[in-house]
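**Q** Attaching a single structure in structure tokens format; questions to follow.
Any read-out appearing in this document is the output of simple, stated calculations on the displayed coordinates, not a laboratory observation. Predicted model only: the values in this text are computed from it and were never measured. Heads up, the Cβs are rebuilt from the backbone with ideal geometry, glycines too, and the neighbour counts pull from every protein chain shown.
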Amino acid sequence: MNYGQLILRIEAILKEKNISKNKICKDLDIPRSNFNRYCRNQFQRIDANLVCKLCYYLDCTVSELIHYIEPEHDNKEYIINYKNNSF
């Protein structure tokens, strides 16, 4: 059964704030390979500590960082558009 999915809008927020992936990974001591998986939304679980670090560093709320996509919108094109815009 499809219950939808969570989308992390990390790349869009980094772009809005003009922060590079290299800088945030270095500043927060996050391995770049792990960070890239979160940016590509290729994760099974979300680390709560990482969410706290990102919200603090990016000065954003959890709801700005993480969005829930309902099952009826769970398709690749919709998700790509969703990640790159603030709906």
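**Q** How much length would be gained if the chain were fully extended between residue 29 and residue 48, taking 0.36 nm per residue of separation minus their Cα-Cα distance, in nm to one decimal?
**A** On the way: separation 19, 0.36 × 19 = 6.84 nm, distance 1.54 nm.
5.3 nm is the gain from fully extending residue 29 to residue 48.
**Q** Under a crude label model (7 Å from the Cα following the beta-carbon direction), how far is residue 60 from residue 1 in nanometres?
**A** Those two pseudo-labels are separated by 3.1 nm.
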